[in-house]
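One structure below.
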Amino acid sequence: MMAAERNVGLMERLPVARGRIAADVPIHKYTWFRVGGAAEVLFEPADLDDLATFLAGLERDIPVTVIGVASNLLVRDGGVAGVVIRLGRRFADIRVEGDQIAAGAGATDIEVARACRDAGLAGLEFLSGIPGTIGGALRMNAGAYGREIAEVVVSAEALDRKGALQALTPADLGFGYRSCAIDPDWVFVACRLAGTLGDPSAIAARMREIAEARAESQPIRMRTGGSTFKNPPGHTAWRLIEEAGCRGLAVGGAAVSDQHCNFLINTGGATAADFEALGEEVRRRVREHCDIDLEWEIQRIGEPLAPGGGQ
Ligand SMILES: Cc1cc2nc3c(=O)[nH]c(=O)nc-3n(C[C@H](O)[C@H](O)[C@H](O)COP(=O)(O)OP(=O)(O)OC[C@H]3O[C@@H](n4cnc5c(N)ncnc54)[C@H](O)[C@@H]3O)c2cc1C
């Protein structure tokens, strides 16, 4: 079936919503890699009620995919079937209350870190270097410089596939290394994080240190997806990749960064297929070199292009 026919059928089956619903929306412009096909439908809810009502009315066989700012996503070239939900600014409220901060899932990690800095709330500086949203940080248990969000979450809220609001404790979230146990169909909408009262200028200094360390060691100004593979127990992925001789390796417009071997970069004109083929070649070489299987940290979603280029 052609993409256009596919979208018309799906649009007619969707519940009415106040937010923006559009068919066949190119996703590459939203992704850090700047690659990927179209969302069959993209839904940007007007607010929490709008999203809850939409989910409640959505037929169960229609797939749902949530995205944040797609800093950890490789969207395949054939696009994503079903409804892609993007929360955006209407879910980005931030409120500091005592030694806690309440944040919408669409708020970015850097905004939360800055609000903590301004209010003198220490312990969340690590969020300042992670270029995602709070929703993505919860899903991925994002972390850096020895801390991860699991250590600071007090509670979270998510809408389940039927649109019911679920209040979640840290135990419910079941965090692991770059993972959480919540059903992938559920949409995080908010959370509450804890810090400790501290001095804003010391917090600002720590955030500057983090920014400088990142600028030195990571290609943060490039089109990249951050760490491509998880660190295997007892090893660092970048070192294994380097030792397997993959520094600078390229497939089409996708290359292993010279600056940080666990980052893949778009050197121009890359496709998602280039990135996936490059990642698999890196995995193959590392396996051959040291018998270790690297696991993708980047989430790959959607379908490859069908032979001949159609969807
Ligand atoms: C330059 C660079 C540096 C990076 N450094 C780090 C780092 O130091 N530490 C680290 O942990 N990560 C790092 N990352 C990866 C990435 O920023 C994190 O994984 C981030 O948490 C992803 O957030 P996002 O909003 O972009 O989510 P997306 O990439 O859009 O999505 C990631 C996953 O989260 C899910 N998701 C997103 N929003 C929601 C929601 N509201 N409800 C439910 N599920 C949702 C998606 O379905 C997907 O499974 C880096 C990436 C880049 C490009």
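For region 229-295, a crude dipole built from +1 on the beta carbon of Lys and Arg and -1 on the beta carbon of Asp and Glu, taken about the Cα centre, is about 100 debye to the nearest 20. Taking all Cα-Cα distances within the chain, those exceeding 33 Å account for 27%. Put in line by how crowded their Cβ is, counting other Cβ atoms within 10 Å and starting with the fewest, Ser155, Ser179, Ser128 read Ser179, Ser155, Ser128.
Within the listed set Thr228, Thr271, Thr169, the residue fluctuating most in the Gaussian network model of the chain (springs between alpha-carbon atoms under 10 angstrom) is Thr169. You can think of it this way: the chain between Tyr145 and Thr236 has 31.4 nm of extra reach, that is 0.36 nm per residue less the Cα-Cα gap. Taking label positions 7 Å along the Cα-Cβ direction at both Ser217 and Ser179, the computed distance is 2.4 nm, reported to one decimal. As a calculated quantity, the FRET efficiency between Ala171 and Glu295 at R0 = 25 Å, using C-beta atoms, amounts to about 0.50. What the Kirkwood sum gives for region 90-204 is a hydrodynamic radius of 13.9 Å, with every pair of different alpha carbons counted. The calculated 222 nm mean residue ellipticity attributable to helices in the chain amounts to -8500 deg cm²/dmol, summing -39500 (n - 2.57) over DSSP H runs of n ≥ 4 and dividing by all residues.
Coordinate-derived values only; no laboratory data. Every value quoted in this text rests on a predicted model; they were computed, and no experiment measured them. Cβ sites come from the backbone with ideal geometry, for glycine too, and all protein chains shown count toward neighbours.
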